[in-house]
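A short worksheet on the structure shown next.
The values are calculated or read from the model by the stated rules, or taken from the named source; none is laboratory data. For clarity, every value in this text was computed on a predicted model and none was experimentally measured. Reconstructed Cβ throughout: ideal geometry from the backbone, glycine too, with neighbour counts over all protein chains shown.
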Amino acid sequence: MSISSTLPEGEKAVICIRGLRNAFGDENVQVVHNQLDLDVRKGEILGVVGGSGTGKSVLMRSIIGLQTPEQGEIRVFGENMIGREEDEAKNIRRRWGILFQAGALFSTLTVAENVEVPIREYFHLSPKLMDEIASYKIAMAGLPPDAGPKYPSELSGGMVKRAGLARALALDPELLFLDEPTAGLDPIAAQNFDELILSLRDKLDLTVFLITHDLDTLYAICDRVAVLADQKVVAVGTIEQLLALDHPWIQEYFNGPRGRAAAAA
Amino acid sequence: MATRGYRAGDEHHPDRIYRCVGSLTIARAATTERELDLMPDGMTIDLSGVDRMDTVGAWLVYRAVRDRGAKVEGASHEVHGLLEQVRQADKPVRVVPEEEGIGFKRTVSELGEYVVEAGQVFYGLLNFFGATLLGFWNVFKRPQQRFRLNAVVQRFDLVGVRALGIIGLMSFLIGIVIGQQGAVQLRQFGAEIYTINLIGRITVRELGTLMTAIMVAGRSGSAFAAQLGTMKLTEEIDAMRTIGVSPIEALVIPRMIAAVIMMPLLSFYSMIVTIIGGGIYCWIDLGIPPLTFVQRIQEVTPITDLWVGLVKAPVFGFVIGLVGCFQGMLVEGDAEQVGLKTTAAVVQAIFLVIVIDAIFAVFFSSVGWI
């Protein structure tokens, strides 16, 4: 049954988390995750939902190595991520792209230069080729060409997200992490962004780890949804499968007025 | 791995075929670009051996097709998809903003911009000065509601009390240096005893206040600019305005009061510690006992020197607070601005302090306090 948070034996997972424990505060009294298991399939868009404070962002930060967990095992592309040497970790980092919640664009660089940063870090390409790569990445992220020479402070909220996405796509990643990509966007921009992610996944063969609060996004593009509650992943499955469960938070989330409106859309 | 070479059955134009084998990705992009540049126009690119391709590889192939009339052979369905992807995304983008003009013309226009900007900053500073005075007047009129005692006391602590350690250490060391340098020079005339005059007068009249001002500008002027600048970026100041709290009254006035009141106190403290440092040097090196040193200091340092030193201090404090808060309020846009404005606050505050010190020096000598 696919409600389990782990995949059946034999199926290969892009991200594989076992027994994760994260805790904060003095003497780690505030436990965010405990015995958390999760698998992400290749090629899927996995939505991660949970109430505020259930540690969605902490989970993402643990996977990408910004937060060292107290216990547990995290494997990405089959490689163990915890306690890695910086050099080895770099080879794995090259294979994923991350869109942070607020874009996290480098404010002293233009959008096009931001896209070139990861390319510069890993490869020695001719300046002309690098500029061309930045150009088509910017176009793929749905930005108009005149956004290239602009600085982040000159962009609107939606454009910042698209520019962040262009930078996340710079190295043609296999795995894309998106932290609330549609938060703060108007409904039309959010819908366009959803469609953009879906089309990029299909065209570029991406696996997407998507943290969101946006019910419309969940219904529109997610293949499976993982629910974070009670310090672990309580269930993973399609929305229909989740609706069949009688977990109180899941019922309230999907059967509240907003959840029903999104389902009807 | 991409290779270039012959293909069976094409002996007539062996070099016109570029055959790619293996993966054609960003990792191979530099080599592939070089190899494609060496090929003649109108080449044929054979992609039948490619098992992995990313958008960068597709871009290189697409570019050869677009600019050099290359033909593509043996592309799989996925490869066709990728080529179509990059074709749709082919929209040239400028990487950096266009720069206007060149050479002499640009230099002149930049110089003009700087002058206009400097004028605007000065005008803005006068404006801010006026707004601050008005703020002071408002607070003075209705002190019960407008005076924020807690904020002021907190600033006293940050600007004054917490600066005692570093200003004390700095002053003590400067006292020793003045004593030592003075003694070395004056010994040549057998006039070491005048080292005491040197220490007493230069410290009380000039150095105590000036060094304290520089330290306060570096410590607190910069902090004012950074704090207000960050609050501006996070829209805290806008929020304050909409609630009806005047940022001048809530943020600027407490800082100004703290700077104005703490500067004379810190200056006096600095003078005393510098004299102690100089006294210890005189005791150890010149054999002048502390009691004699203190008596001599009293005799040779006129009380007017202390007034000269202390009158300047609140003025310096006012300037440091004003420039710090003003630069903080100028922050707009991004985080880099906070750094720039903080630097500007310190540089301008120290510069203004020295200019005002020079004006004071001329003034005091013309009123006969020499």
Given (1) within 14 Å of chain A (Cβ to nearest Cβ); (2) within 23 Å of the chain's Cα centre (by Cα), number of the condition B:Arg94 does not satisfy: (2)
List the helices (runs of 4 or more DSSP H) inside the stretch A:144-257, counting only whole elements, that have at least 3 residues being closer than 30 Å to A:Arg120 by Cβ and within 14 Å of chain B (Cβ to nearest Cβ). A:157-168, A:187-204
A:Phe123, sole failed condition from (1) free of Cβ contacts under 8 Å to residues at least 24 places away in the same chain; (2) more than 20 Å from A:Arg93 (Cα to Cα); (3) touching a helix residue (DSSP H, G or I) at 6+ places or on another chain (Cβ under 8 Å): (2)
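Does the stretch B:35-49 include one or more residues that are closer than 26 Å to A:Arg201 by Cβ, within 14 Å of chain A (Cβ to nearest Cβ), touching a Leu at 6+ places or on another chain (Cβ under 7 Å) and not charged (D, E, K, R)? Write out each step before concluding.
Of the stretch B:35-49, the ones closer than 26 Å to A:Arg201 by Cβ are B:47.
Narrowing the set further to residues that are within 14 Å of chain A (Cβ to nearest Cβ) leaves none.
No, the stretch B:35-49 contains no residue that is closer than 26 Å to A:Arg201 by Cβ, within 14 Å of chain A (Cβ to nearest Cβ), touching a Leu at 6+ places or on another chain (Cβ under 7 Å) and not charged (D, E, K, R).
Just checking, does the stretch A:92-107 include any residue being of a type in the set (Val, Ile, Thr), in a helix (DSSP H, G or I), surrounded by fewer than 20 Cβ atoms within 10 Å (Cβ to Cβ) and more than 8 Å from chain B (Cβ to nearest Cβ)? So that I can check it myself, show each step before the final result.
Kept after step one, since they are of a type in the set (Val, Ile, Thr), are these residues of the stretch A:92-107: A:92, A:98.
Checking the rest, the ones that are also in a helix (DSSP H, G or I) come to A:92.
Then drop every residue that is not surrounded by fewer than 20 Cβ atoms within 10 Å (Cβ to Cβ), which leaves A:92.
Add one more test, that the residue is more than 8 Å from chain B (Cβ to nearest Cβ), and what stays is A:92.
Yes, the stretch A:92-107 contains a residue that is of a type in the set (Val, Ile, Thr), in a helix (DSSP H, G or I), surrounded by fewer than 20 Cβ atoms within 10 Å (Cβ to Cβ) and more than 8 Å from chain B (Cβ to nearest Cβ).
Examine the stretch B:307-329 for a residue that is within 14 Å of chain A (Cβ to nearest Cβ), hydrophobic (A, V, I, L, M, F, W, C) and touching a helix residue (DSSP H, G or I) at 6+ places or on another chain (Cβ under 7 Å), and state whether such a residue exists.
To start, the set of residues in the stretch B:307-329 that are within 14 Å of chain A (Cβ to nearest Cβ) comprises none.
No, the stretch B:307-329 contains no residue that is within 14 Å of chain A (Cβ to nearest Cβ), hydrophobic (A, V, I, L, M, F, W, C) and touching a helix residue (DSSP H, G or I) at 6+ places or on another chain (Cβ under 7 Å).
Only one residue in A:Glu88, A:Glu73, A:Glu113, A:Glu132 is more than 8 Å from chain B (Cβ to nearest Cβ) and either over 18 Å from A:Glu174 (Cα atoms) or at pLDDT 85 or above (or both). Which one?
Just one listed residue meets the conditions, A:Glu73.
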Condition first: away from chain A (no Cβ under 12 Å) and polar (S, T, N, Q). Now tell me which residues in the stretch B:55-91 satisfy that. B:Ser76
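Could you tell me whether B:Glu206 is touching a helix residue (DSSP H, G or I) at 6+ places or on another chain (Cβ under 8 Å), at pLDDT below 95, within 22 Å of B:Gly279 (Cβ to Cβ) and buried (at least 18 other Cβ atoms within 10 Å of the Cβ)?
On the way: touching a helix residue (DSSP H, G or I) at 6+ places or on another chain (Cβ under 8 Å): yes; at pLDDT below 95: yes; within 22 Å of B:Gly279 (Cβ to Cβ): yes; buried (at least 18 other Cβ atoms within 10 Å of the Cβ): no.
Taking the combined requirement at face value, the residue does not satisfy it.
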